[in-house]
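Working notes, beginning with the structure itself.
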Amino acid sequence: MPKRHRLTRRWRAFALFGLAGAVALGLALLLFPRQARADPALARRQLAHALALFGRGEATAARSWALKATRADPSWGLAQAVLARAYVALGEGAAAEAALDRAKAAGFDPAKLHPLRAEALLLQGAPDRALKEAAKAPPAYGVYALRVAARALAAKGALPQAQALLAQALEATGGKDARGWVDLGRVRLQTGDVGGAIAAAARALALAPRDPDALALRADLVRGQYGLIAALPWYEAALKVDPWRHDILIAYAATLGDAGRYQAMLAASRRALEARPGSPQALYLQAVLAARAGNNELARALLQKTDGGLDGQPGPLLLAGILDFSEGATQQAIEKWRAVLAMAPMNLPARRLLGAALLDGGDTQAALATLRPLALRGDADSYSLTLVARAFEAQGERDWAATYLDRASLPLSAPALQFGTDDDLATLRAAAARAPENPVVQVEALRGELFKGDKAAALAKAQALAVRYPGVPQAHLLVGDVLMTLGRAPAAAAAYARAADLRFDEAVMLRSVEALVAMRANDKAAGVAALFLVQHPGNLAARRLIAHWQLAAEDWDAAIDSLEGLRDELGNRDAALLADLALAYAGDGQDDVAELYAAAAYRLLPMNPAVVDAYGWVLFQGEALPQATELLRKAAALAPGERAVAWHLAQAEAAGGERAAATRAITALLATPGFAEADAARALLATLRRG
């Protein structure tokens, strides 16, 4: 072989071995990286920056800089302790505990870590361990330890003891601890003392106007006190301080969704996922969005990505059950909805869904047991009552079925009481005696007295409870409920107004409207509903009320827009909604469309006087006089005291030449005070007398 070729091969071999050696060296460097040299000076600068950020309420940014400090000097225990403090502020208990372990291993004084470790344990759902750890805190950290211990007691349900500890902590600081006021506000909210929570939040913000926790507490309170839209600026103020605060982003996104601002909700949930990758709460919110858009496959995929992070929570379970049911997995849906009711017995949508599913599956006894608390409500909806009637009918108990079908067919006349109860009055009183400082338990006992018929005693006790707990909206609500059953609408309206000052939710709005309508203060009632709708633009109850008043005002275009929007969401199975649509289209001169809607409503509820009246009136407008008169007579027989129905029938009788019957009816109507159509009735009566 020529010498040149032998040299070439040799160099190729050297090159090959050299390449292999380089690869091996690279792998060695990757697998066994050289320990980075600690830089204590850099770590000190980074930690100082972290502490400054933390002092300004920017816990997310503080965590980032504390992490940098631990990387610059991994053996510095103080940096690990500050990192744990940031994790605790962000609600990341497991990460905080790990950082505390590293701080202790690095030689940081373990005695100083007890209150932080207690809070880390509490965040992980271990209140008993948190209490034991907080008890070990040295005196220098006593106030912090008291606050953590109070929150642990609150988590265990010991709310009076928790408030006592927080009062002790605040006394020790002369009331200058903003975080103490935030904690007290949260505990007061747990007890139902909304007014006390509002006062605590105000104190916290006066001391620390940029504190994200204080701003978030105020946002939560404003959401209940004034409404969804009013709460948004408070969440936004908190996020201006700490734009990546995960828990606040979740609350903000949920509020945006409830307000119908779905694009903004999606953006906020995405930010929450950036702040905490894999966030189960953010994924759940996105699953809700997907389900609302009809994309069940995406909704299920997003729920599965939560990887058990929301196991046992009512909202995700309810949604998962709906997805199961939509795919025909009825038994799985039933199991999930039962789990929801085990945690939240007053979750009315879950009760309706479960009752309907059990009934469809043939388990009528279980369906009745599920639906009974709904049927006991004075304001039970027609759908729930119809389900109960179907269950009794399936058991062959036709008398009971007829009773509930009659209730489903009649307009709502009972007060909008919160919730029925099967509990024995003695049981409720015993529970109240065991928890004399718990206003929620006291309200339940008094509500039991109301349902059992002891109204005079219930009123006196409810008024005493409202005086004792002026910040508890349920107490004022109960006073109003009892007053309404006694026929004292003005006093009830005043009680509901006091409740609304603390929490203006759907229940308070509906009760306030009911009381004002009973007082014939319709303009005020409309104002209450409109104010509520501004803050809760997606609320179905408020939208229906507004549509009803648009009909009454003969604003046909607005009524049609409102009602068609509701039909898009509720479908074509709501007879009352279809009847209202029929009236709106008839008023707008679209008789053919009106008759289609009226006939559809009548097919659904042929014994509902409002539906029958609407069908008859639409046919009258379309000049189908014989059929109209027959239907209007049926409506009058179903609701003999209803003036609007009597007025419609009188007009039909007058048009059909039945002058004597029409004259008698109109004369009777004019004799009743406050008849809204008095002028038109007088004019028609004069015409009849001239003829």
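Tabulated data for the structure shown
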{"quantity": "Evaluation of Gly589 against (1) over 29 Å from the mean Cα position of the chain (by Cα); (2) surrounded by fewer than 16 Cβ atoms within 10 Å (Cβ to Cβ); (3) at pLDDT 95 or above; (4) not hydroxyl-bearing (Ser, Thr, Tyr) (one fails), failing number", "calculated": "(3)"}
{"quantity": "Answer residue from region 272-315, given it is among the charged types (D, E, K, R) and in a helix (DSSP H, G or I) and is most open to solvent (accessible area, probe 1.4 Å) among those", "calculated": "Glu297"}
{"quantity": "Qualifying residue in region 601-608 (condition: open to solvent by less than 30 Å² (accessible area, probe 1.4 Å), of a type in the set (A, V, I, L, M) and touching a residue at least 12 places away in the same chain (Cβ under 8 Å))", "calculated": "yes"}
{"quantity": "Which numbered condition Arg520 misses (of (1) open to solvent by 40 Å² or more (accessible area, probe 1.4 Å); (2) out of contact with any Gly (no Cβ under 8 Å at 6 or more places or on another chain); (3) modelled with pLDDT under 90; (4) under 26 Å from Met484 (Cβ atoms))", "calculated": "(2)"}
{"quantity": "All positions within region 499-517 that are touching a Phe, Trp or Tyr at 6+ places or on another chain (Cβ under 8 Å), of a type outside the set (Val, Ile, Thr) and open to solvent by less than 30 Å² (accessible area, probe 1.4 Å)", "calculated": "Phe504, Met509, Arg511, Ser512, Ala515"}
{"quantity": "Only listed residue being among the small types (Gly, Ala, Ser), out of contact with any Ser or Thr (no Cβ under 6 Å at 6 or more places or on another chain) and more than 27 Å from Leu669 (Cα to Cα), chosen from Ala529, Ala628, Ala610, Ala579", "calculated": "Ala529"}
{"quantity": "Filter result for Ala111 (within 23 Å of Thr173 (Cα to Cα), modelled with pLDDT under 95, among the aliphatic types (A, V, I, L, M) and surrounded by fewer than 24 Cβ atoms within 10 Å (Cβ to Cβ))", "calculated": "yes"}
{"quantity": "Test: residue in region 400-418 that is acidic (Asp, Glu) and either surrounded by 15 or more Cβ atoms within 10 Å (Cβ to Cβ) or at pLDDT 70 or above (or both)", "calculated": "no"}
{"quantity": "Verdict on Ala499 being out of contact with any Gly (no Cβ under 8 Å at 6 or more places or on another chain) and of a type in the set (Gly, Ala, Ser)", "calculated": "no"}
{"quantity": "Enumeration of residues in region 129-188 that are closer than 19 Å to Val472 by Cα, buried (at least 19 other Cβ atoms within 10 Å of the Cβ) and hydrophobic (A, V, I, L, M, F, W, C)", "calculated": "Ala154, Leu159, Ala162, Trp181, Val182, Leu184, Val187"}
{"quantity": "Residues of region 246-258 satisfying the condition of being more than 15 Å from Val182 (Cα to Cα) and either open to solvent by less than 10 Å² (accessible area, probe 1.4 Å) or at pLDDT below 95 (or both)", "calculated": "Leu249, Ala253, Thr255, Leu256, Gly257, Asp258"}
{"quantity": "Boolean, Tyr235 is open to solvent by 50 Å² or more (accessible area, probe 1.4 Å), of a type in the set (Phe, Trp, Tyr) and within 30 Å of Gly538 (Cβ to Cβ)", "calculated": "no"}
{"quantity": "Check on Ala582, assigned to a helix (DSSP H, G or I), within 21 Å of Leu631 (Cβ to Cβ) and under 31 Å from the mean Cα position of the chain (by Cα)", "calculated": "no"}
{"quantity": "Filter result for Ala547 (at pLDDT below 95 and within 22 Å of Asp592 (Cα to Cα))", "calculated": "yes"}
{"quantity": "Pick from region 609-628, criterion free of Cβ contacts under 8 Å to residues at least 60 places away in the same chain and surrounded by fewer than 22 Cβ atoms within 10 Å (Cβ to Cβ), ranking: nearest to Leu385 (Cα to Cα)", "calculated": "Gln627"}
{"quantity": "Check on Val508, among the β-branched types (Val, Ile, Thr) and closer than 23 Å to Pro373 by Cα", "calculated": "yes"}
{"quantity": "Residue tally, condition closer than 25 Å to Ala644 by Cα and either open to solvent by less than 30 Å² (accessible area, probe 1.4 Å) or within 18 Å of the chain's Cα centre (by Cα) (or both), over region 528-557", "calculated": "7"}
{"quantity": "Helices (runs of 4 or more DSSP H) (entirely within region 56-151) containing at least 1 residues that are acidic (Asp, Glu)", "calculated": "93-105, 114-123, 127-134"}
{"quantity": "Residue count for region 570-579, restricted to those that are on the phi > 0 side of the Ramachandran plot and over 29 Å from the mean Cα position of the chain (by Cα)", "calculated": "0"}
{"quantity": "All positions within region 629-643 that are open to solvent by 50 Å² or more (accessible area, probe 1.4 Å) and not acidic (Asp, Glu)", "calculated": "Arg633, Lys634, Ala637, Pro640, Gly641, Arg643"}
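The values are calculated or read from the model by the stated rules, or taken from the named source; none is laboratory data. Everything quoted here is computed from the prediction, not taken from an experiment. So basically every Cβ, Gly included, is an ideal-geometry build from the backbone, and we count neighbours across all protein chains shown. Accessible surface areas use protein heavy atoms only, side chains included; no ligands, DNA or RNA. Shrake-Rupley method; radii C 1.70, N 1.55, O 1.52, S 1.80 Å.
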